[in-house]
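To keep things clear, I will list the structure first and then write my remarks on it.
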Amino acid sequence: MIIVPITGPSMEEATNQIVSSARHADLFELRIDLLSRPEVGMLIASTRKPLIATCRPVREGGRFEGREDERFDLLQQAIDAGARYVDLELDAWGPGRQRLDSRRRSQQWIVSHHVLDGPPGRVDALYATMKKTGAGILKFAYVADDAWEIHAALHFFALARKDRQRVIAIAMGEAGEASRVLYKVFGGWATFAGSEDGRQSAPGQLPASTMKRVFRSNTRTTRTKIFGLVGNPVGQSKGIYIHNPLYRRLGRDAIYCRFKIDDLTRFMKTFDGVLSGCSVTAPHKQAMMKFLASVDPLARTLGAVNTVVRRSRGYFGANTDARGALDAIEQRLRVSGRRFVVLGAGGAARAVAGEAVRRGARVYVANRTAQRAEGVARSLGVQWTALDNVASLEPEILVNATSVGMWPNIDATPLKEIPGTVRLAFDVIYNPAMTKFLKVAEGQGAITVTGVEMYARQAVEQIRLFTGRKPDAADVRHLFLAATRNP
Ligand code: NAP
């Protein structure tokens with residue numbers, strides 16, 4: 001179930017939140033502590049959906065600053081007005097249950113505990129104490145700064161599954177996003193999502209519409225396979241809008257989410273046996289290599305992977321960026337024997353240059369920082385040069401594999417002039433698709449290939465590795481462009 005908190009703060013805003021979120025919310029949570037005028041009865045009467053009454057004190061991350069008896073009075077009003085559920089903090093459980101009179105049989109209790117300074121250490125003890133209250137639902141939330149810290153929620157979910165206990169466990173913050181998106185996969189009862197006006201009652205809440213339409217979190221089961229993007233940052237990635245609908249079209253019960261990670265070692269330990277595969281982005285493409293039981297030969301040469309899949313003997317790694325880029329180029333022009341200059345010396349440059357070498361091109365690497373160009377060139381057995389020396393190489397194929405020209409700096413280009421010898425220009429950047437670099441090249445009569453073509457091809461191969469089925473490249477392109485248009 002998806003719970004949408006009603007946060008107001010004005011009564012008008014609270015009413016609008018109920019109306020605009022009604023389509024996606026299974027339950028509302030009335031955050032009495034956040035409302036400027038807590039006219040609880042009126043709000044409860046305004047919806048037919050079941051409702052949780054919560055009046056969170058400051059000590060647990062809420063805004064209520066009054067006395068406990070005043071807080072209980074507000075909760076009692078909500079109970080009398082028909083709130084189906086009441087949330088009581090663990091430290092207020094005894095006095096609260098003594099004081100509050102539920103009257104109605106359908107009344108249910110949630111005992112909650114919030115840790116605001118990182119993941120708690122003793123999850124077993126906490127679970128046992130909460131369970132002892134006899135509350136129908138246990139809710140545990142804490143702040144996570146790195147996705148590996150979801151481990152506390154995973155442990156809480158696991159304890160509850162054994163007991164068939166209804167629970168909500170949430171790692172708050174962007175790094176904990178997967179604990180919300182995957183709540184049903186982990187056996188949780190419900191999770192929280194923000195209202196459609198963009199308000200959140202806690203950090204990391206996604207709009208309920210995203211939870212339902214993009215992730216379909218509420219329809220998942222413990223059998224759903226988990227894939228995701230591993231890196232930092234991951235918030236701007238469009239992968240969730242491409243992988244999730246394509247898994248569905250391919251008939252696979254799988255979900256794709258985002259893992260914001262700094263500590264890859266702890267993440268791989270926490271999610272071992274949980275993750276069926278992942279896309280890997282900066283800064284982990286090289287560091288991921290040490291967690292793999294097997295690697296495809298190209299990825300081994302490049303020393304970097306962007307795709308990891310769990311197989312019976314451990315994780316297998318591949319680099320679909322490299323093939324994606326060269327397949328996109330060779331759709332228009334064969335590279336074998338041609339002078340092929342790659343601008344840049346980062347992950348994308350290394351992938352493009354490495355695969356171009358494999359396909360027989362005469363590759364040169366040019367980069368702002370000469371030392372990095374030299375490093376990439378040496379590892380691939382090719383030559384390097386300075387950016388202002390590129391024209392003298394008379395390139396036939398010129399690749400921008402730097403981030404210069406990417407949104408929002410769309411008027412920037414990596415080279416002042418594009419040499420007249422260039423027959424094909426390719427840009428790894430996909431936002432915008434038609435970069436300044438490509439526009440200039442096109443103006444000079446060169447064939448142009450965009451980063452969207454690379455993205456679509458690498459995604460097709462990645463999804464094939466994840467699901468065993470190949471999606472249609474046109475579908476990938478279409479979903480990608482739609483996601484870029486609607487950030
Ligand atoms: P990276 O490892 O950080 O490398 C960035 C490169 O850009 C470095 O060579 C850097 O030069 C150069 N650079 C940055 N700012 C510059 C400037 N102002 N002037 C000159 N050179 C500059 O990044 P990456 O992972 O390779 O990604 C590069 C681009 O590829 C990004 O736009 C990314 O979105 C795109 N990409 C696209 C796809 C796709 O499917 N289409 C896949 C992967 C990546 P220094 O070494 O001198 O810093």
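The values are calculated or read from the model by the stated rules, or taken from the named source; none is laboratory data. Model, not experiment: these values are computed from the prediction. Counting neighbours? That spans all protein chains shown, and the Cβs are built from the backbone with ideal geometry, glycine included. Note: areas computed on protein heavy atoms with side chains; ligands, DNA, RNA excluded. Shrake-Rupley method; radii C 1.70, N 1.55, O 1.52, S 1.80 Å.
Quickly run through the range 151-189 and pick out the residues that are within 19 Å of the chain's Cα centre (by Cα) and either touching a residue at least 40 places away in the same chain (Cβ under 8 Å) or not assigned by TED's automatic domain parsing to the domain that holds Ser10 (or both).
Selection gives His151, Leu154, Ala171, Glu174, Ala175, Glu177, Ala178, Val181, Leu182, Lys184, Val185.
Could you figure out which of (1) in contact with a helix residue (DSSP H, G or I) (Cβ under 6 Å, 6 or more places away or on another chain); (2) open to solvent by less than 30 Å² (accessible area, probe 1.4 Å); (3) under 30 Å from Arg477 (Cβ atoms) isn't true of Leu182?
(1)
Name the single residue that is nearest to the ligand (Cβ to nearest atom) among those in the range 315-338 being touching a residue at least 24 places away in the same chain (Cβ under 8 Å) and part of a loop (DSSP other than H, G, I, E, B).
Step by step, filter the range 315-338, then rank; the result is Asn319.
Within the range 57-71, can you find the residues that are more than 21 Å from Ala190 (Cα to Cα) and surrounded by fewer than 21 Cβ atoms within 10 Å (Cβ to Cβ)?
Hits for the range 57-71 are Pro57, Val58, Arg59, Arg63, Glu65, Gly66, Arg67, Glu68, Asp69, Glu70.
Given the structure, is Ala153 at pLDDT 95 or above and either open to solvent by less than 10 Å² (accessible area, probe 1.4 Å) or not in a helix (DSSP H, G or I) (or both)?
For Ala153, the condition - at pLDDT 95 or above and either open to solvent by less than 10 Å² (accessible area, probe 1.4 Å) or not in a helix (DSSP H, G or I) (or both) - is met.
Take the range 339-358 and flag every residue that is open to solvent by 50 Å² or more (accessible area, probe 1.4 Å) and either within 14 Å of the ligand (Cβ to nearest atom) or under 19 Å from Met454 (Cβ atoms) (or both).
If the condition is that a residue be open to solvent by 50 Å² or more (accessible area, probe 1.4 Å) and either within 14 Å of the ligand (Cβ to nearest atom) or under 19 Å from Met454 (Cβ atoms) (or both), then Val357, Arg358 are the ones that fit.
Taking the residues in the range 237-264 that are open to solvent by 50 Å² or more (accessible area, probe 1.4 Å) and free of Cβ contacts under 8 Å to residues at least 40 places away in the same chain as candidates, determine which candidate is nearest to His151 (Cα to Cα).
Across the range 237-264, the extreme among qualifying residues is Asp253.
Select from the range 116-147 the residues that are at pLDDT below 95 and surrounded by fewer than 19 Cβ atoms within 10 Å (Cβ to Cβ) and list them in ascending order.
If the condition is that a residue be at pLDDT below 95 and surrounded by fewer than 19 Cβ atoms within 10 Å (Cβ to Cβ), then Leu116, Asp117, Gly118, Pro120, Gly121, Arg122 are the ones that fit.
Look at the range 15-56 and say how many of its residues are surrounded by fewer than 19 Cβ atoms within 10 Å (Cβ to Cβ) and touching a Phe, Trp or Tyr at 6+ places or on another chain (Cβ under 6 Å).
1
Is the range 300-312 home to any residue that is farther than 25 Å from Phe215 by Cα and among the β-branched types (Val, Ile, Thr)?
Checked against the condition, which is being farther than 25 Å from Phe215 by Cα and among the β-branched types (Val, Ile, Thr), the range 300-312 yields at least one hit.
All but one of (1) part of a strand (DSSP E or B); (2) more than 10 Å from the ligand (Cβ to nearest atom) hold for Val365, so report the exception by its number.
All conditions pass for Val365, except number (2).
Would you tally the residues in the range 379-396 being part of a helix (DSSP H, G or I) and more than 15 Å from the ligand (Cβ to nearest atom)?
3
Considering only residues that are of a type in the set (Ser, Thr, Tyr) and touching a strand residue (DSSP E or B) at 6+ places or on another chain (Cβ under 9 Å), look in the range 362-416 and name the one that is surrounded by the most Cβ atoms within 10 Å (Cβ to Cβ).
Taking the candidates together, the pick is Thr402.
What are the pairs with Cβ atoms under 7 angstrom where one residue, in the range 370-384, is among the aromatic types (Phe, Trp, Tyr) and the other, located anywhere, is open to solvent by less than 70 Å² (accessible area, probe 1.4 Å)? Sequence gap at least six, or different chains.
Matching pairs, first to second residue: Trp384/Tyr364; Trp384/Val365; Trp384/Ala366; Trp384/Ala373; Trp384/Glu374; Trp384/Ala377.
Can you name the condition, by its number, that Tyr430 falls short on among (1) of a type in the set (Ser, Thr, Tyr); (2) out of contact with any Lys or Arg (no Cβ under 9 Å at 6 or more places or on another chain); (3) within 14 Å of the ligand (Cβ to nearest atom)?
The failed condition is (2).
Return the total of residues in the range 420-439 being surrounded by fewer than 18 Cβ atoms within 10 Å (Cβ to Cβ) and more than 20 Å from Lys238 (Cβ to Cβ).
4
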